[in-house]
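**Student:** Before we start, here is the structure in question, set down as structure tokens.
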Amino acid sequence: MNDQPPSPMPEQRFARRVALVNGIAILALLLLAALWFAHDALLLVFACVLFAILLYELAGIVQRRLPLNRHWSLALVVTVLLLVFGVGGWLMAPQIGEQADTLAQAVPDALHRLRAAMEQQPLLKRLMAGVPSPQQMQKQLMQLVPNAGLFFSGLLGALGNVVIILFVGVYFAAQPHLYIDGFVTLVPPSKRGRARAVLDELARTLARWLLGKAASMLLVGVASAAGLALLDIPLALILGLIAGLLDFIPYIGPLLAGVPAVLIAFSGDPTQALYVVLLFAGIQLVEGYLLSPLIEKRTVSLPPALTIVMQLLFGALFGMAGVALATPLTAVLAVLVSMLYVQDVLGDPVRTPSESGGK
């Protein structure tokens, strides 16, 4: 006598599969909708994770060189960073604030002079017909300011974002395994080892990229400020600071950083504007063909075309915050695709971004 229940009919199996596919599709759509409506908060969380990874990596460097455990190394790193930026900001804040106010007034005046000079040439005058006026450009830039933050808006919101990134980043860096273990618990037991391997590779890739980018930003900022000062360009300090900060955005950031410097130089002497263009071109050539290859050799290598395309894509989707975080997000996607799809699904033992850059 057969006590096994009867097997389901083909129609029932087909109906179950259809229901399963529909359920997965609905869940995917709900997830995409949640990501779309909460992308500001998710980008802010990602920025917190980036800062935590940077702190954790710096603490590891200190721990390897000093007889301190991980927590004391992290405390030392945070203290040193607070002292450097706190004392440096206190000493340079008056000069930076004064130059920032002057820059806000000088750029529109420089745009007026540039437009007047170009309108004297027939060909350039026809080209300038489609360019917005300085007032329109300033209005468009002011409209971008609320979107420059990650979660809150305006200048106060940007400061709030910084505070959130600092505090949450420190908490993440102090107890990373607590959050990693909690995430891995959501994965089926048979896949938890692979999940930890993927998370370790993500942390290693982002840490190497952040250290390399921090070194590049520091060198570009110092070189820009020093070069502008030697050329006797006004507001060299704030322009160098802008150049260093915007270097966080590869390829697009240096172009944006050079615009105000060229405009300021053009308002004084067009010849100086040419020298400023040559200065920024020289800095970018040195960074692109000497500094970046040396950094990528020990950190992470990402294809330039892929980086630019992802910057345009994330910028169109998420605004200025998407452009700023496009490169680390691209590194995350590269790791996930190479490990979870190419290696696990296709069985091709390709190198991950950190392995390709650090070989």
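**Student:** Across segment 279-293, which residue is nearest to the chain's Cα centre (by Cα) among those that are more than 13 Å from Ala223 (Cα to Cα) and loosely packed, with under 13 Cβ neighbours inside 10 Å?
**Tutor:** Of everything passing the filter in segment 279-293, Pro293 is nearest to the chain's Cα centre (by Cα).
**Student:** From the list Ala273, Ala281, pick out the single residue that is aliphatic (A, V, I, L, M) and either out of contact with any Leu (no Cβ under 9 Å at 6 or more places or on another chain) or assigned by TED's automatic domain parsing to the domain that holds Phe85 (or both).
**Tutor:** Details: Ala273 fails: either out of contact with any Leu (no Cβ under 9 Å at 6 or more places or on another chain) or assigned by TED's automatic domain parsing to the domain that holds Phe85 (or both).
Being aliphatic (A, V, I, L, M) and either out of contact with any Leu (no Cβ under 9 Å at 6 or more places or on another chain) or assigned by TED's automatic domain parsing to the domain that holds Phe85 (or both) holds for just one of Ala273, Ala281, which is Ala281.
**Student:** Given the condition closer than 24 Å to Leu336 by Cα, hydrophobic (A, V, I, L, M, F, W, C), surrounded by 20 or more Cβ atoms within 10 Å (Cβ to Cβ) and in contact (Cβ under 8 Å) with a residue 40 or more places away in the chain, answer yes or no: does some residue in segment 221-235 qualify?
**Tutor:** Looking for residues that are closer than 24 Å to Leu336 by Cα, hydrophobic (A, V, I, L, M, F, W, C), surrounded by 20 or more Cβ atoms within 10 Å (Cβ to Cβ) and in contact (Cβ under 8 Å) with a residue 40 or more places away in the chain, one finds none in segment 221-235, hence no.
**Student:** From the set of residues in segment 172-204 that are aromatic (Phe, Trp, Tyr) and more than 21 Å from the chain's Cα centre (by Cα), which is nearest to Val286 (Cα to Cα)? Spell out the reasoning first.
**Tutor:** Step one: of segment 172-204, the residues aromatic (Phe, Trp, Tyr) are 172, 179, 183.
From the residues that got through so far, the ones that are more than 21 Å from the chain's Cα centre (by Cα) too are 179, 183.
Values: Tyr179: 40, Phe183: 42 Å.
Selected residue: Tyr179.
**Student:** Next question, about the same structure. Got a sec? Which of Ala41, Ala33 is closer than 16 Å to Ile164 by Cα and part of a helix (DSSP H, G or I)?
**Tutor:** After applying the criteria, what remains is Ala41.
**Student:** Is it fair to say Pro328 is within 18 Å of Trp209 (Cα to Cα), within 18 Å of the chain's Cα centre (by Cα) and not aromatic (Phe, Trp, Tyr)?
**Tutor:** yes
**Student:** Follow-up question, since we're still on this one. So is Ala207 within 21 Å of the chain's Cα centre (by Cα) and crowded, with 20+ Cβ neighbours inside 10 Å or not?
**Tutor:** Yes, satisfied.
Yes/no matrix, rows are residues, columns are (1) outside the structural domain of Leu235 (by TED's automatic domain parsing); (2) more than 14 Å from Ala243 (Cα to Cα); (3) of a type in the set (Ser, Thr, Tyr); (4) not in a helix (DSSP H, G or I):
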position: Leu256; (1), (2), (3), (4): no, no, no, no
position: Val259; (1), (2), (3), (4): no, no, no, no
position: Val262; (1), (2), (3), (4): no, no, no, no
position: Val277; (1), (2), (3), (4): no, no, no, no
position: Leu285; (1), (2), (3), (4): no, yes, no, no
position: Tyr289; (1), (2), (3), (4): no, yes, yes, no
position: Ser292; (1), (2), (3), (4): no, yes, yes, no
position: Ile295; (1), (2), (3), (4): no, yes, no, no
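**Student:** To continue, here is another question. Any residue in segment 314-339 that's in the same structural domain as Ser301 (by TED's automatic domain parsing) and charged (D, E, K, R): show its pairings with residues that are part of a helix (DSSP H, G or I) and surrounded by fewer than 22 Cβ atoms within 10 Å (Cβ to Cβ) at Cβ separation under 8 Å, as long as the two are six or more apart or on different chains.
**Tutor:** Matching pairs, first to second residue: none at all.
**Student:** To continue, here is another question. Checking the structure you have, find out if any residue of segment 199-214 is part of a helix (DSSP H, G or I), of a type in the set (A, V, I, L, M) and more than 17 Å from Glu57 (Cα to Cα). Explain how you work it out, then say what you get.
**Tutor:** Residues of segment 199-214 part of a helix (DSSP H, G or I): 199-214.
Of the ones still in play, those that are also of a type in the set (A, V, I, L, M) are 199, 202-203, 206-207, 210-211, 214.
The next check asks that each one be more than 17 Å from Glu57 (Cα to Cα); those that pass are none.
No - not one qualifying residue is present in segment 199-214.
**Student:** Could you check segment 164-196 and list, in sequence order, the residues that are of a type in the set (Val, Ile, Thr) and surrounded by 14 or more Cβ atoms within 10 Å (Cβ to Cβ)?
**Tutor:** Ile164, Ile165, Val168, Val170, Ile180, Val184, Val187
**Student:** Working only within segment 243-283, note down all residues that are touching a residue at least 60 places away in the same chain (Cβ under 8 Å) and either of a type in the set (A, V, I, L, M, F, W, C) or under 20 Å from Gly319 (Cα atoms) (or both).
**Tutor:** Phe248, Ile249, Pro250, Tyr251, Ile252, Leu263, Ile264, Phe266, Ile283
**Student:** Same structure, new question: State whether one or more residues within segment 112-120 are touching a helix residue (DSSP H, G or I) at 6+ places or on another chain (Cβ under 9 Å), over 25 Å from Val323 (Cα atoms), at pLDDT 90 or above and not hydrophobic (A, V, I, L, M, F, W, C).
**Tutor:** No, every residue in segment 112-120 fails to be touching a helix residue (DSSP H, G or I) at 6+ places or on another chain (Cβ under 9 Å), over 25 Å from Val323 (Cα atoms), at pLDDT 90 or above and not hydrophobic (A, V, I, L, M, F, W, C).
**Student:** If you check Asp232 against the conditions, is it within 22 Å of the chain's Cα centre (by Cα), over 15 Å from Ser292 (Cα atoms) and either in a helix (DSSP H, G or I) or at pLDDT 85 or above (or both)?
**Tutor:** Considered against the rule, which asks whether it is within 22 Å of the chain's Cα centre (by Cα), over 15 Å from Ser292 (Cα atoms) and either in a helix (DSSP H, G or I) or at pLDDT 85 or above (or both), Asp232 comes out as no.
The values are calculated or read from the model by the stated rules, or taken from the named source; none is laboratory data. As the structure is a computational prediction, the values presented were derived from the model and not from experiment. Reconstructed Cβ throughout: ideal geometry from the backbone, glycine too, with neighbour counts over all protein chains shown.
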